[in-house]
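The values are calculated or read from the model by the stated rules, or taken from the named source; none is laboratory data. Just so we're clear, the structure is a prediction, and the values are computed from it rather than from any experiment. Methodologically, a virtual Cβ is constructed for each residue, glycine included, from the backbone with ideal geometry; neighbour enumeration extends over all protein chains shown. We work out accessible area using only protein heavy atoms, side chains counted, and drop any ligands, DNA or RNA first. Shrake-Rupley method; radii C 1.70, N 1.55, O 1.52, S 1.80 Å.
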Amino acid sequence: MQIKDIALAPSGQDKIDWVKPAMPVLAGIEREFLEKKPLAGLRMTISIHLEAKTAYLAHVLRSGGADVAVTGCNPLSTQDDVAAALAADGFDVWGVTGASAAQYHDHLVGALSHKPHLIIDDGGDLTEILHNERPDLAEALIAGTEETTTGVHRLYDRAAAGALRFPMMAVNDAKCKYLFDNRYGTGQSVWAAILHVTNLVVASKTVVVAGYGWCGRGIAMRADALGAKVIVCEVDPHRALEAAMDGYTVLPMEQAAPLGDIFVTATGCRDVIRREHMEKMKNEAILCNAGHFDVEVSKPDLESLAVSVRRRKPSIDGYTFADGRVVNLLAEGRLVNLAAGNGHPAEIMDLSFAAQALAVAYLAQNGKTLSPGVVNVPESIDHDVACRKLAAMGLSIDALTPEQARYLGRGAV
């Protein structure tokens with residue numbers, strides 16, 4: 001175990017207690033897990049942004065009978081008080097805010113050191129270590145799940161090369177995850193972080209959003225609602241058409257660079273904003289990233305252009321160029337909503353983590369029958385989570401009549 005200070009636990013517990021009432025679906029699963037113990041006798045390692053909602057998921061998994069080790073998936077998104085609260089409650093916790101790359105790697109290996117039967121990965125780092133460095137730690141592994149788009153892309157690349165050695169369920173691709181977490185969660189939490197850190201107005205400014213996947217859609221939608229003029233940059237013609245028909249200006253980054261006041265990347269790719277773009281930017285332009293890894297804004301290019309760099313305020317580094325212009329990078333180019341904020345709203349993570357909890361319960365029962373590769377979340381789980389959330393919100397929907405079901409070819413209802 002490695003945390004900053006166990007004395008921080010009361011503050012972390014307050015955060016965990018705050019999010020619980022906003023996560024009623026996960027609370028219902030916790031009650032079921034306490035009764036049925038679907039994870040009894042299994043060891044688990046979870047690597048997700050180590051903050052309050054993740055902590056509650058860890059509690060739910062332990063309620064199901066699992067022995068849970070917890071670590072973060074990004075050095076700047078770990079909250080030390082939440083890590084301390086989990087440690088004080090008996091979890092094996094590996095995470096310190098601002099860990100170096102080497103320390104972060106050691107935390108991942110430490111959390112894997114009890115040789116888990118199941119993993120929950122976020123971004124793919126656990127999976128990479130188990131394949132490339134420490135396959136010995138995977139000797140008991142049945143299967144795992146992946147939380148985010150970047151991690152799923154890495155899984156598909158590995159599977160296509162015939163190099164994925166165990167089943168991994170793409171929870172990110174469940175409707176109850178990407179339609180809500182990626183769009184509404186990212187959209188709100190990115191702007192909450194930007195507004196908190198900068199304390200600047202968004203209305204009247206030009207916001208450049210790189211990438212129009214579900215995360216980019218949410219970021220653009222919320223920027224528009226805050227009164228910004230929105231430009232979308234894309235490489236996919238279909239997504240570019242969607243952005244245009246949603247009312248946004250579509251431009252290449254080269255043309256958007258001199259126009260933007262705030263730039264947000266959400267592509268999952270590297271070097272989306274690079275030297276030739278930075279050279280054209282306005283004085284006091286703001287750059288930030290909502291993708292999983294800190295490679296979308298090229299920090300080497302920023303550093304090579306700068307004659308000086310200074311921390312202007314927490315989570316804002318100002319890069320002064322030779323001509324006197326200053327370009328500001330938020331959260332060191334890491335995902336801004338977690339490195340400089342509190343992440344997605346609890347109500348949104350209720351959906352994602354409910355899907356995660358039910359997915360690992362499914363894998364505990366069925367994982368040994370699955371072949372190595374990327375596995376979809378069963379439709380029954382996705383449907384169940386949506387129905388539970390509707391019920392928790394006090395909402396109800398229509399049901400097909402038998403005649404309608406037959407007309408649609410669904411058989412009896």
Q) open to solvent by less than 30 Å² (accessible area, probe 1.4 Å) and either farther than 12 Å from Ala331 by Cα or touching a His at 6+ places or on another chain (Cβ under 9 Å) (or both): does that describe Glu296? A) yes
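Select from the stretch 146-175 the residues that are farther than 15 Å from Ala355 by Cβ, part of a loop (DSSP other than H, G, I, E, B) and open to solvent by less than 60 Å² (accessible area, probe 1.4 Å) and list them in ascending order.
Initial filter on the stretch 146-175 (farther than 15 Å from Ala355 by Cβ): 150, 153-167.
Filter once more, so that each one left must be part of a loop (DSSP other than H, G, I, E, B): 161-166.
Answer for the stretch 146-175, where residues must be farther than 15 Å from Ala355 by Cβ, part of a loop (DSSP other than H, G, I, E, B) and open to solvent by less than 60 Å² (accessible area, probe 1.4 Å): Ala163, Leu164, Phe166.
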**Q.** Close pairs (6 angstrom Cβ cut-off, 6 or more residues apart or separate chains): of a type in the set (Ser, Thr, Tyr) in the stretch 297-313, surrounded by 11 or more Cβ atoms within 10 Å (Cβ to Cβ) anywhere
**A.** Ser298/Asp271; Ser298/Arg274; Ser308/Thr320
Q: Considering each residue of the stretch 322-378, count those that are farther than 22 Å from Leu39 by Cα and among the β-branched types (Val, Ile, Thr), and give that number.
A: 4
Q: Taking only the stretch 70-109 into account, find how many residues are more than 19 Å from the chain's Cα centre (by Cα) and crowded, with 18+ Cβ neighbours inside 10 Å.
A: 8
Q) For Lys368, are the conditions met, namely being surrounded by fewer than 17 Cβ atoms within 10 Å (Cβ to Cβ), in contact (Cβ under 8 Å) with a residue 60 or more places away in the chain and of a type in the set (D, E, K, R)? A) yes
Q: Return a yes/no flag: does the stretch 170-190 have any residue that is out of contact with any Cys (no Cβ under 8 Å at 6 or more places or on another chain) and within 21 Å of Leu39 (Cα to Cα).
A: yes
Q. Would a scan of the stretch 38-61 turn up a residue that is assigned to a helix (DSSP H, G or I) and open to solvent by 40 Å² or more (accessible area, probe 1.4 Å)?
A. no
Q: Only one of these is open to solvent by less than 30 Å² (accessible area, probe 1.4 Å) and among the hydroxyl-bearing types (Ser, Thr, Tyr): Tyr184, Tyr212, Tyr178. Name it.
A: Tyr212
Q. Here is a list of conditions, (1) of a type in the set (D, E, K, R); (2) open to solvent by 70 Å² or more (accessible area, probe 1.4 Å); (3) more than 23 Å from Thr54 (Cα to Cα), and Glu234 meets all of them except one; can you say which number that is?
A. (2)
**Q.** helices (runs of 4 or more DSSP H) fully within the stretch 199-302 counting 1 or more residues that are touching a Phe, Trp or Tyr at 6+ places or on another chain (Cβ under 6 Å) and at pLDDT 95 or above
**A.** 214-225, 237-245
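Looking at this structure, is Met23 under 21 Å from the mean Cα position of the chain (by Cα) and within 20 Å of Lys389 (Cα to Cα)?
Values: under 21 Å from the mean Cα position of the chain (by Cα): yes; within 20 Å of Lys389 (Cα to Cα): yes.
Criteria met by Met23.
Pull up the stretch 237-276, narrow it to residues that are among the small types (Gly, Ala, Ser) and in contact with a Gly (Cβ under 6 Å, 6 or more places away or on another chain), then point me to the one that is most open to solvent (accessible area, probe 1.4 Å). I'd like the intermediate steps shown before the answer.
Going through the stretch 237-276, the residues among the small types (Gly, Ala, Ser) turn out to be 240, 243-244, 247, 256-257, 260, 266, 268.
If we keep only those that are in contact with a Gly (Cβ under 6 Å, 6 or more places away or on another chain) too, we end up with 266, 268.
Working: Ala266: 18, Gly268: 47 Å².
The extreme case among them is Gly268.
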Q: Considering only the stretch 303-349, state which residues are in contact with a Phe, Trp or Tyr (Cβ under 9 Å, 6 or more places away or on another chain), surrounded by 16 or more Cβ atoms within 10 Å (Cβ to Cβ) and assigned to a strand (DSSP E or B).
A: Ala306, Val326, Val327, Asn328, Leu329, Leu335
Q: Return the residue satisfying two criteria in turn: it lies in the stretch 110-122 and is closer than 18 Å to Ala87 by Cα and surrounded by fewer than 17 Cβ atoms within 10 Å (Cβ to Cβ), and of such residues it is modelled with the highest pLDDT.
A: Ser113
